[in-house]
Amino acid sequence: MAVSSFVPEVWGAAVLTALDEALAYGSAGVTNRDYEGEVSEYGGSVTINTAADPAIETYVPYAAMTGGQAATTSQVMNLDQRKAFSFDLDDVERAQSRDDGDLVGKLSARAAHKLGATADAYIAGLMAAAVTPGTEVTPATPADAYDLLVDLRTELSENDVPTDGRWAVVTPAFYALLLKDQRFTATGDAQAGLTRSNGVVGQAAGFTVLESNQAPAGPGEGAGRLIIAGHALATTYADQVTKTEAVRLPDRFVDRVRGLHVYGAKVVRPEALAARDVIVGA
């Protein structure tokens, strides 16, 4: 086989790593990965048990406590998404390439990027279906954009969402507005400059801010896109590149490299999400 450097386990891990780096909505910290190890093949599911809050009672010395059985609710996350990549390398074209392994690596990285964007759009769509963003808004100034994040922060706080670990995913146009607000550039943007990863572009109003082109369309009649904020408690996501392989095509001097990405996601705590239907640049 011409692709002599191909080792399925190594390539599978490399593709998954590159895929994770392409995620915003599906990145660690935006979603939780509590059930990552449960992914095997397409068609499976994971049962997610959520504990209810225990009752609080007044303690009276020497009196029996009421107590009560711990309660949980179950939800099922289906691992029903499967996407694949495949590309062919002709021996003649490979011979004209300076670095065969690097070419395969670059093509695999691009495949992982596209798989990541597809998964991100899927997760964003689930989040969009779980929130009620209200009427469309059009930030007229950078201050309006920053204040919108403050409003999202207030909504999450009123739902008792933990303050540590909050995030907001914004569009490039919305991020451009934030960059013109001194409250963002003086603190949040500079602070995040040391730790940018997975689309992270700054800190603002108590949020880790991520930038993405996968923001879903809003429900309004205009060209609004959803600015979604929340906590990793809201959504669980699990994925795996279950198959990677290189095969020699029998009727030509060509190697085919292909892989299968299996994943699933579910919004389990919609109250830990908030969103606004935003039109920027209209």
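Throughout, read-outs are computed from the coordinates displayed, never taken from laboratory work. For clarity, every value in this text was computed on a predicted model and none was experimentally measured. Note that each Cβ is placed from the backbone with ideal geometry, even for glycine, and that neighbours are counted across all protein chains shown.
In table form, for the structure just shown:
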quantity	calculated
Longest to shortest principal axis, alpha-carbon extents of segment 104-256, angstrom	62, 33, 32
Neighbour-count order for 74, 27, fewest beta carbons within 10 angstrom listed first	74, 27
Amide proton proximity set for residue 34, modelled H, under 5 Å, gap of 5+	237
Local net charge near residue 277, Cβ-Cβ under 11 Å (Lys/Arg +1, Asp/Glu -1)	0
Unit charges on C-beta of K, R, D, E only; dipole of segment 107-154, Debye	360
For segment 229-274 and segment 40-89, distance of Cα centres in Å	22
For segment 47-178, average projected area of the Cα convex hull in nm²	16.1
Ranked 163, 58, criterion: other C-beta atoms within 10 Å, fewest first	58, 163
³J(HN,Hα) computed for each position of segment 218-231 - Karplus, 6.51 cos²θ - 1.76 cosθ + 1.60, integer Hz, glycine/proline x	x, x, x, 7, x, 9, x, 10, 7, 8, 10, 10, x, 9
Under Karplus coefficients 6.51, -1.76 and 1.60, residue-wise ³J(HN,Hα) of segment 233-248 in Hz, glycine/proline x	4, 5, 10, 10, 9, 9, 8, 6, 7, 7, 9, 9, 7, 10, 10, 8
